[in-house]
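Report on one structure; see the data block that follows.
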Amino acid sequence: MVESSRASAHDGLAIEVVADAAEMGRRAADVVVETVIAKPACVLAVPTGTTPLPFFTELIARRRRGEVDFSAAHLFCLDEYLGLSPDRPNSLTHWLMDAFIEPAGITPERRHLIPATSPDPEAAAAAYEADLAALGGLDLAVVGLGPNGHVAYNEPGSGPETRTRVIELTAESITQAGAYWPGEDPVPGWAMTMGIGTLLEAKRIVLIVSGDSKAEMLRRTLLDPMDDDVPASWLRLAGGRLSVIADRDAAGALGTATD
Ligand code: PGA
């Protein structure tokens, strides 16, 4: 386990390369468990998608073994399709409820859901930010990397100052979402997402990335100049508060940056 990982600093960032997605999940779970043990009433955010599945499996197993207790923890969702309520099977919140929120035992009053069905999305997004700020902001945000460089649903064009807001999805993200989209309804063209500026205020950010399809985007995220074209690159502004956990395949284009 330990010999399979190499950690190094590049631009002051901690990049940990591990053998595979399962090990990525275990290492990210270690950070969550550390956070919850240090502060049971911590404020967490976790991503949706394929990447976090081994991470959720690990956390749920640890909870079943009594190694972590999420009953005092708060969970803020990162993003949701505009107009979709959590009872809709295609909603990201619905997915996250099944994959993590319910099996982890996050209590209903500590689940903070993106207000994607509000008749006044702008005011609702501001209220979501205020709710988060009132709890002292995120203690830990675990995020994934979109194939087009998005983080949460901060699509290309998103800068480091962005807050929770409505955003138009790119054609690439709509195609990506289509892979998880059962039924006949089209994938919505709009979403509400926590902003990059919101994420950057987290006390700790963990970017998890697996698979060779993400290798070039991870290289651009970590090694190219930070740019709105690759919104995830702005996470580097968090400096030592950002950790990257990538499997060997995803780290394949980083070259000597991880040596
Ligand atoms: P994925 O999605 O884990 O399914 O690749 C990541 C993302 O779009 O944030």
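The values are calculated or read from the model by the stated rules, or taken from the named source; none is laboratory data. What you see is a predicted model, and the numbers here were worked out from it, not measured in a lab. Neighbour counts run over all protein chains shown; Cβ positions are idealised from the backbone, glycine included. These area figures cover heavy atoms from the full protein model, side chains too; ligands, DNA and RNA do not enter into them. Shrake-Rupley method; radii C 1.70, N 1.55, O 1.52, S 1.80 Å.
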- Task: Kindly list the residues of segment 102-119 that lie in the label zone of ARG65, defined by a backbone N under 17 Å from the point 7 Å along the Cα-to-C-beta vector.
- Result: 104
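Rolling a 1.4 angstrom probe over the protein heavy atoms, how many square angstrom per residue are accessible across segment 2-253?
Details: 10260 Å² over 252 residues.
Here the residues of segment 2-253 average 41 Å² of exposed surface.
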- Item | For segment 81-168: rounded, prolate or oblate by the Cα gyration tensor [a/c cutoff 1.5] | rounded
- Message: Using a Förster radius of 22 Å, what is the FRET efficiency between ASP98 and ASP30 based on their Cβ-Cβ separation? Nearest 0.05, please.
- Response: 0.40
- Note on the structure: Expressed as a percent, the accessible surface of the chain that is carbon or sulfur, using a 1.4 Å probe and the full set of protein chains, is 54 percent
- Mind giving me the nanometre distance, one decimal, between the label points for LEU135 and ASP20, set 7 Å out from Cα along Cα→Cβ? 3.4 nm
- What's the local net charge at ASP224, with K and R +1, D and E -1, over the other residues with C-beta under 11 Å away? 0
- Query: Any idea how far the Cα center of segment 106-168 sits from the one of segment 186-253, in Å?
  - Reply: 15 Å
- Query: So what J values fall out for segment 120-130 if you push phi through Karplus, 6.51 cos²θ - 1.76 cosθ + 1.60 with θ = phi - 60°, rounded to Hz, Gly and Pro as x?
  - Reply: 10, x, 5, 5, 5, 5, 5, 5, 5, 4, 5
- Could you list the residues of segment 42-82 with an amide nitrogen less than 18 Å from a label point located 7 Å from the Cα of GLU109 in the Cα-to-C-beta direction? 42-44, 70-76
- Item | Distribution of pairwise C-alpha distances over the chain, 10 Å bins, in % | 7, 33, 39, 19, 2, 0
- Note on the structure: One finds, for ASP212 and TRP181 with R0 = 30 angstrom and r their Cβ-Cβ distance, a FRET efficiency to the nearest 0.05 of 0.80
- The long-range amide H neighbours of LEU82, using H built 1.01 Å from N in the peptide plane and a cut-off of under 5 Å, are TRP190, ALA191, MET192
